Amino acid sequence: MKRVNITDYGADENALNNAGAIQAAIDDCHDGGIVVIPAKTFISGAIYLRSNITLYLEKGAVLQGSDDFRDYEKYASGGWREKPSHWFDAFICATDEENIIIEGEGTIDGVDCFNPNGEEKFRGPHCIRFVRCKNARVSGINIKRSANYPLFFIQSNNIEVSGVTLRGGHDGVHAQRCNNMIITDCDFRTGDDCVAGSDNQNFVIRDCRFNSSCNGFRLGCLNLTVERCRFWGPGEFPHLSQKRDNMLCAIVHFAPPDRDTVLPSSNWQINDITVDNCETLYQYNINGGWQSGQPALIINFENVCVKNIDQPVTVVDKKPNTALSIKNSSIELRPGVTGKSVIKCDGFDSLDLENVKLSGNIGVPAVDVRNGNRVTFDNTVASGDIYTENIGNLICED
């Protein structure tokens, strides 16, 4: 396999924009190859990654974005009709490509590039944006100061993100209409959602750490497995538009109607996670605008340890759709919280609690459930009453 170094094509650590030299190295590997970013700092505007190419960042290498937003307009390409083209500006781009890799121990630095015409009148380019790509991997690298999403995947299949460290920026991984994604051994500390997007299916997320000034996951996905992950707040990097650092939900359903969502969130299996200092573990409210495009159906938690939250696990639906199960787990409100239940549901199919400890509620029932088809309490210990109203089938077992 051909292996080239960008310095052989004129890349210079003193240059203000090495995009031309880096692109020449990529294009010279048109039949496939490895393009090496050596252990220096290289400033660049947008570059385009082609099929069968590996972009390899050596340890100590820094691929640093230009601070001029106009240097990222060349490869703008998107997937939502309501978004202007500049919303898809990105540092490293690929569209309709396959077998592409970005890996190594180096760093991609988005320099928080400011765009007065961008989202919220300040967001600049995404760091990595793949559209309709398949068989792609991002592995080992560090991404910091992304001016918008560090990793943005649209209508792409068979994506692997492994060993990636994110610091700052906005949504860590944002995936829209993607299939078969694996995220493993990553450490995301972002100003916005760590993993986000809708109309996805077949995601696996394992052995990761998530810290955010928004949500851990704000995700729509059919068939989601999450294992051995840690969620904690407050965020180490502030939410740049809202000027706050509190972490909201560890996991929240996302189905915005303005993206013409077609898939529900269902068949979620979330095992062996810890949640600390977030507002809540899980939230679904069909009345919330960006949750109303499709329902949340089957959501299962097992072996979860949740402490220092100040909002209940919440399900609110107009129809009895949601089946929420929590097993072998503990959920504890933050000390000093008053007037809050630990679990609160209104309009749902089923709620099953098995070997669950609920604590910290003061002045209100630990569980407040209404308008559901079935509720099962099996060896559940609660530091307070359980309130039920209009429940079709109530099953209590010791």
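Assessment of the range 336-356 against the conditions (aromatic (Phe, Trp, Tyr), at pLDDT 95 or above and under 29 Å from ASN246 (Cβ atoms)) yields at least one matching residue. For the criterion of being under 21 Å from LYS327 (Cα atoms) and either out of contact with any helix residue (DSSP H, G or I) (no Cβ under 7 Å at 6 or more places or on another chain) or in a loop (DSSP other than H, G, I, E, B) (or both), VAL306 passes. When the criteria are applied in full, GLY106 fails the requirement of being at positive phi, touching a Leu at 6+ places or on another chain (Cβ under 9 Å), at pLDDT 95 or above and not charged (D, E, K, R). Summed over the range 317-329, the residues that are modelled with pLDDT of 95 or more and either closer than 19 Å to VAL369 by Cβ or within 24 Å of the chain's Cα centre (by Cα) (or both) give a count of 7.
Contact map, the range 376-398: residues that are free of Cβ contacts under 8 Å to residues at least 12 places away in the same chain and over 17 Å from LEU324 (Cα atoms) paired with residues that are among the basic types (Lys, Arg) and surrounded by fewer than 16 Cβ atoms within 10 Å (Cβ to Cβ), Cβ distance under 6 Å, separation 6+ or inter-chain. No pairs are found.
Can you say whether SER51 is of a type in the set (Ser, Thr, Tyr) and crowded, with 21+ Cβ neighbours inside 10 Å, as far as the supplied structure shows? Against the criterion (of a type in the set (Ser, Thr, Tyr) and crowded, with 21+ Cβ neighbours inside 10 Å), SER51 does not qualify.
The sole residue among VAL337, VAL313 that is over 19 Å from the mean Cα position of the chain (by Cα), β-branched (Val, Ile, Thr), within 22 Å of GLY235 (Cα to Cα) and surrounded by fewer than 23 Cβ atoms within 10 Å (Cβ to Cβ) is VAL337. Among the residues of the range 340-356, those that are buried (at least 18 other Cβ atoms within 10 Å of the Cβ) and assigned to a strand (DSSP E or B) comprise ILE343, LYS344, CYS345, GLY347, PHE348, ASP349, SER350, LEU351, ASP352, LEU353, VAL356.
Tell me, which residue of the range 139-178 that is among the aliphatic types (A, V, I, L, M) and more than 15 Å from the chain's Cα centre (by Cα) is nearest to GLU105 (Cα to Cα)? Before you say what the answer is, go through the steps one by one.
From the range 139-178, those among the aliphatic types (A, V, I, L, M) are 141, 143, 147, 151, 154, 159, 161, 164, 166, 173, 175; that's our starting set.
In the following step, the residues that additionally are more than 15 Å from the chain's Cα centre (by Cα) were identified as 141, 147.
Working: ILE141: 5, ALA147: 21 Å.
Selected residue: ILE141.
Restrict the check to the range 318-327 and report whether at least one residue is part of a strand (DSSP E or B) and more than 20 Å from LEU222 (Cα to Cα). For the range 318-327, residues part of a strand (DSSP E or B) and more than 20 Å from LEU222 (Cα to Cα): present.
Selection of the range 122-180 for residues being in a strand (DSSP E or B), basic (Lys, Arg) and without any contact (Cβ under 8 Å) to a residue 60 or more places away in the chain yields ARG129, LYS134, ARG137, LYS144.
Please go through the range 231-258 and give me each residue that is outside any loop (DSSP other than H, G, I, E, B) and over 17 Å from the mean Cα position of the chain (by Cα), ordered by number. The answer is ARG244, PRO257, ASP258.
Being free of Cβ contacts under 8 Å to residues at least 40 places away in the same chain and not aliphatic (A, V, I, L, M) is the filter here, so list the residues in the range 181-195 that pass it.
THR184, ASP185, CYS186, ASP187, PHE188, ASP193, CYS194 - these are the residues of the range 181-195 that are free of Cβ contacts under 8 Å to residues at least 40 places away in the same chain and not aliphatic (A, V, I, L, M).
Checked against (1) in contact with a strand residue (DSSP E or B) (Cβ under 9 Å, 6 or more places away or on another chain); (2) among the charged types (D, E, K, R); (3) not in a loop (DSSP other than H, G, I, E, B), ASP31 passes all but a single condition, namely (3).
Condition check ((1) in a helix (DSSP H, G or I); (2) closer than 22 Å to ASN135 by Cβ; (3) at pLDDT below 95; (4) touching a Pro at 6+ places or on another chain (Cβ under 6 Å)) across all residues:
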site: VAL4; (1), (2), (3), (4): no, yes, no, no
site: ALA15; (1), (2), (3), (4): no, no, no, no
site: GLY20; (1), (2), (3), (4): yes, no, no, no
site: ILE43; (1), (2), (3), (4): no, no, no, no
site: TYR56; (1), (2), (3), (4): no, yes, no, no
site: GLN64; (1), (2), (3), (4): no, no, no, no
site: ALA76; (1), (2), (3), (4): no, no, yes, no
site: ILE92; (1), (2), (3), (4): no, yes, no, no
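Apart from one condition, ASN211 fits all of (1) in contact with a Pro (Cβ under 9 Å, 6 or more places away or on another chain); (2) in a strand (DSSP E or B); (3) under 22 Å from ASN285 (Cα atoms); the exception is (3).
The values are calculated or read from the model by the stated rules, or taken from the named source; none is laboratory data. What you see is a predicted model, and the numbers here were worked out from it, not measured in a lab. Heads up, the Cβs are rebuilt from the backbone with ideal geometry, glycines too, and the neighbour counts pull from every protein chain shown.
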